[in-house]
Amino acid sequence: MRKVLLYSGGMDSWLIDKIWKPDIKLYVDMKTRYSEEEIKRLPNDVIIEQLDLGKWERDDAIIPLRNLYLVMLATNYGDDICLGATAGDRVLDKSPQFAYKASDLLSFLYTKQHWTEERKINVNLDFKGMTKKGLIAKYLQEGGNLEEAVNGSFSCYHPEHNQECWQCKPCFRKYVAFKMNGYDFGSRIDNIVKNYLSENIIPDILKGTYGRADEEKDIMEVYNKLCVKQ
């Protein structure tokens with residue numbers, strides 16, 4: 001089966017590319033508010049397709065049914081399609097149930113008929129059981145370079161002057177995962193993340209409403225160390 005990785009250049013897909021070694025990296029330009037920043041950082045070997053879903057992008061950056069659209073498009077390139085889902089992802093279109101149902105539906109639609117030979121489609125969630133911290137650890141175990149991973153991946157909703165803002169959801173999750181693997185971001189970024197956590201994330205964790213149990217312990221450990229450092 002030809003392996004296709006739905007690739008954004010964020011830390012999850014960047015790391016999965018190094019570990020899973022797909023045949024094709026596919027980026028779908030959905031015309032979101034952060035697409036331009038992602039595209040200008042893509043490696044030369046990434047295939048770019050256009051699919052305007054940005055018109056349905058919510059304020060929280062969620063696009064309803066996004067991954068169903070993406071896996072359908074990816075079947076034009078291969079049969080084993082990897083979504084960069086990790087343990088902290090809560091949306092249903094990154095769930096094992098979604099992967100099973102989408103695989104079944106797409107395989108049915110590619111049943112042998114007048115226009116196609118039979119194809120079995122697999123929506124791959126091999127990394128769903130791993131946290132972001134664990135994904136980095138696996139990459140390092142296989143000989144990866146931490147500095148290269150930090151600088152090579154881009155995870156930000158609101159980049160400033162061509163740099164990650166470190167005060168949005170993907171930025172702080174990237175920060176925590178790399179911090180737990182021993183990376184030193186420096187005092188400027190430490191302070192930005194500490195303030196973001198104290199205002200936006202820690203209150204939800206303390207109230208029990210954050211919703212990512214796999215990450216909460218790591219977030220609290222990093223936050224407490226940042227507070228002590230001050």
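Bear in mind these aren't lab numbers, they're just calculated from the coordinates by the rules spelled out. Note that this is a predicted model, so its numbers are computed, not measured. Note that we place each Cβ from the backbone using ideal geometry, even for glycine, and neighbour counts take in every protein chain shown.
Brief remarks follow.
- Theoretical gain in end-to-end length, residue 151 to residue 185 [0.36 nm per residue, Cα-Cα removed]: 11.1 nm
- The length gained on full extension between residue 120 and residue 142, counted as 0.36 nm times the residue separation minus their Cα-Cα distance, comes to 4.9 nm.
- Nearest-20 debye value, the stretch 3-124 charge dipole, Cβ charges on Lys, Arg, Asp, Glu: 140
- Counting neighbouring Cβ atoms within 10 Å and putting the fewest first, the residues 39, 192, 16, 201 line up as 39, 192, 201, 16.
- Top of 22, 43, 96 by mean-square fluctuation, Gaussian network on the chain, Cα under 10 Å: 43
- Förster-model FRET efficiency, 25 Å R0, residue 199 and residue 158, C-beta, rounded to 0.05: 0.95
- Relative contact order (percent, whole number), the stretch 1-102, Cα cutoff 8 Å, 6+ residue spacing: 33
- Dipole of the chain, positive direction: furthest Cα of 44, 11, 129, with charges on the beta-carbon: 129
- Among 163, 97, 113: highest mean-square fluctuation, GNM of the chain, C-alpha pairs under 10 Å: 113
- Of 44, 181, 191, the one that fluctuates the most in a GNM where the chain has Cα springs shorter than 10 Å: 44
- Summed side-chain charge close to residue 187 - residues other than residue 187 whose Cβ falls under 15 Å, Lys, Arg +1, Asp, Glu -1: +3
- Note on the chain: with charges restricted to the Cβ of Lys and Arg (+1) and Asp and Glu (-1), its dipole about the Cα centre is near 360 debye.
- Here the gap between residue 92 and residue 41, fully extended at 0.36 nm per residue and compared with their Cα-Cα distance, gives a gain of 15.5 nm.
- The loop-placed trypsin sites (Lys or Arg not before Pro) in the stretch 78-150, going by DSSP, that have at most 13 neighbouring Cβ atoms within 10 Å of their Cβ come out as 90, 112, 120.
- This model, with +1 at the C-beta of Lys and Arg and -1 at the C-beta of Asp and Glu, gives the stretch 69-109 a dipole about its Cα centre of some 160 debye.
- Farthest positive-ward along the chain dipole, Cα basis, beta-carbon charges - from 64, 158, 27: 64
- Contact order relative to length of the stretch 103-201, as percent, for alpha carbon pairs under 8 angstrom and 6 or more apart: 19
- Which of 56, 115 has the fewest Cβ neighbours within 10 Å, and the rest in rising order: 115, 56
- Amide N proximity, the stretch 118-148 versus residue 229 label position 7 Å along Cα-to-Cβ, cut-off under 17 Å: 147
- Legend: ranking of residues 227, 165, 171 from fewest to most surrounding C-beta atoms inside 10 Å; resulting order 227, 165, 171.
- Structure-derived Cα extents along the principal axes in Å: which label, when the choices are (i) 68, 37, 36; (ii) 73, 34, 28; (iii) 47, 45, 31: (i)
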